[in-house]
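Have a look at the structure below, then the notes.
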Amino acid sequence: MPPRRRLTPEQRRAELLDVGARIFAERPYDAVQMDEIADRAGISRALLYRHFPNKRALFAAIYQLAADTLAATVELDSGTPLHEQVTAGLDAHFDYFAANRNTVLAANRALAGDPVIQAIITGELVAVQQRMLDAVAPGNLPREVAAAILMAWLTFVHSLCLDWLERGTLTREQLRDTCIGALAGAMSAIQQNERT
């Protein structure tokens with residue numbers, strides 16, 4: 001156990017999130033114990049429980065922070081071609097998913113019925129959808145049509161990424177190409193219908 005240090009509540013919470021994130025990334029959710037998180041952080045269980053009342057609350061805070069951080073790393077710019085932006089965004093998500101496989105699978109499998117975790121996932125999808133809509137003009141498509149296509153595509157990407165993490169059915173390149181092709185196909189099909 002590391003020596004105890006005096007930290008502000010905000011510093012202690014940040015440290016606990018960091019320690020917890022590393023442990024959840026190492027092992028499946030059910031194999032993680034709050035005792036170990038407290039030990040690695042060099043604090044008592046009682047202090048850990050003052051910050052997070054249970055393992056799900058700690059996990060939810062970690063997952064929310066990860067979602068916020070990941071969203072902030074993906075820059076969308078109307079001056080950059082859509083293909084380049086989508087590729088960069090997908091690569092950032094794939095990097096995070098690969099580095100945090102156990103965390104992502106816990107949120108989407110072990111905690112699939114948890115309303116807090118599902119709200120974080122839904123919130124992340126909606127935020128990316130809105131950022132994409134704001135950064136890229138939908139052309140001749142009504143905004144609500146483009147929004148529906150983007151949400152369906154984001155859900156598809158999310159589902160395919162989980163399969164990639166669990167089963168390795170696709171290579172990373174195949175995963176990226178499939179995701180980009182699905183978006184391009186959906187957008188071009190609907191744009192053709194709008195023109196006719």
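The values are calculated or read from the model by the stated rules, or taken from the named source; none is laboratory data. If you're wondering where the values come from, they're calculated on a predicted model, not measured in any experiment. Positions of Cβ are backbone-derived with ideal geometry, glycine not excepted, and every protein chain shown enters the neighbour counts.
List of remarks:
- The single condition among (1) loosely packed, with under 12 Cβ neighbours inside 10 Å; (2) at pLDDT below 95; (3) closer than 15 Å to V86 by Cα that E173 does not meet is (2).
- Whether a residue is in contact (Cβ under 8 Å) with a residue 60 or more places away in the chain, out of contact with any strand residue (DSSP E or B) (no Cβ under 7 Å at 6 or more places or on another chain) and more than 22 Å from G168 (Cβ to Cβ) was assessed, and R101 does not pass this test.
- Qualifying residue in segment 55-63 (condition: part of a helix (DSSP H, G or I), more than 18 Å from E124 (Cβ to Cβ), modelled with pLDDT under 95 and more than 17 Å from the chain's Cα centre (by Cα)): no
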